[in-house]
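Everything on this sheet refers to the single structure shown next.
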Amino acid sequence: MGLVFRVFGSILLGFFLSATSILILGFFGLLRNLPMIVNLALRFLNWFVRTTYRFYMTILNYIRPFVGEYFSLDILNRFPRIVASVLMSLGMFFLFYWISEIHLTIFTIGLALLHGLFIGIVWDEIIQPDGLHLGENIR
């Protein structure tokens with residue numbers, strides 16, 4: 001009976017050591033590829049910021065004459081643009097969450113606020129060739 005327990009013990013030990021070595025190899029593989037992963041994430045973020053900028057710019061340019069006529073306010077000035085970007089970001093966020101039926105959290109609402117604030121603040125530098133460069137390989 002002791003021999004059977006020793007065999008099963010050796011099998012379990014081998015299994016746990018193999019699993020641990022696979023986890024360690026995966027961790028070091030992740031560390032090795034971390035610069036590429038970060039670069040890819042920053043490129044995705046750059047694409048997302050530019051896409052939402054174009055979307056917001058289209059909407060703001062469309063409603064600019066109406067807002068200017070009724071409120072005598074240029075919506076593309078700095079402060080109104082930031083407020084409009086934050087409101088559109090929150091609107092897109094709530095629409096996404098309403099469609100996907102995912103629970104809202106303070107963290108995700110904060111991300112939507114920061115996204116709108118970021119788009120509104122760096123509005124003039126997003127599309128320019130020497131402007132916002134997220135994920136660019138600078139060497």
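The values are calculated or read from the model by the stated rules, or taken from the named source; none is laboratory data. Not measured: the values here are computed from a predicted model. Don't worry about glycine lacking a Cβ; one is built from the backbone with ideal geometry, like all the others, and counts go over all protein chains shown.
Tabulated data
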{"read-out": "Filter result for PHE5 (over 18 Å from ILE126 (Cβ atoms), out of contact with any Leu (no Cβ under 6 Å at 6 or more places or on another chain), assigned to a helix (DSSP H, G or I) and at pLDDT below 90)", "value": "yes"}
{"read-out": "Which listed residue is assigned to a helix (DSSP H, G or I) and of a type in the set (Val, Ile, Thr), from ILE82, ILE75", "value": "ILE82"}
{"read-out": "One residue from ARG50, ARG32 being under 28 Å from the mean Cα position of the chain (by Cα), of a type in the set (D, E, K, R) and within 28 Å of LEU117 (Cβ to Cβ)", "value": "ARG50"}
{"read-out": "Condition broken by TYR56, with the remaining ones in (1) surrounded by 11 or more Cβ atoms within 10 Å (Cβ to Cβ); (2) over 16 Å from the mean Cα position of the chain (by Cα); (3) over 19 Å from GLY91 (Cβ atoms) satisfied", "value": "(3)"}
{"read-out": "Residue check for MET57: over 22 Å from ILE119 (Cα atoms) and part of a helix (DSSP H, G or I)", "value": "no"}
{"read-out": "Hits in the stretch 58-93 (condition: aromatic (Phe, Trp, Tyr) and touching a residue at least 12 places away in the same chain (Cβ under 8 Å))", "value": "PHE93"}
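Let's see how each residue does on (1) loosely packed, with under 10 Cβ neighbours inside 10 Å; (2) modelled with pLDDT of 90 or more:
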{"site": "HIS103", "(1), (2)": "yes, no"}
{"site": "PHE107", "(1), (2)": "yes, yes"}
{"site": "LEU111", "(1), (2)": "no, yes"}
{"site": "HIS115", "(1), (2)": "no, yes"}
{"site": "PHE118", "(1), (2)": "no, yes"}
{"site": "GLU125", "(1), (2)": "no, no"}
{"site": "PRO129", "(1), (2)": "yes, no"}
{"site": "HIS133", "(1), (2)": "no, no"}
{"site": "ILE138", "(1), (2)": "yes, no"}
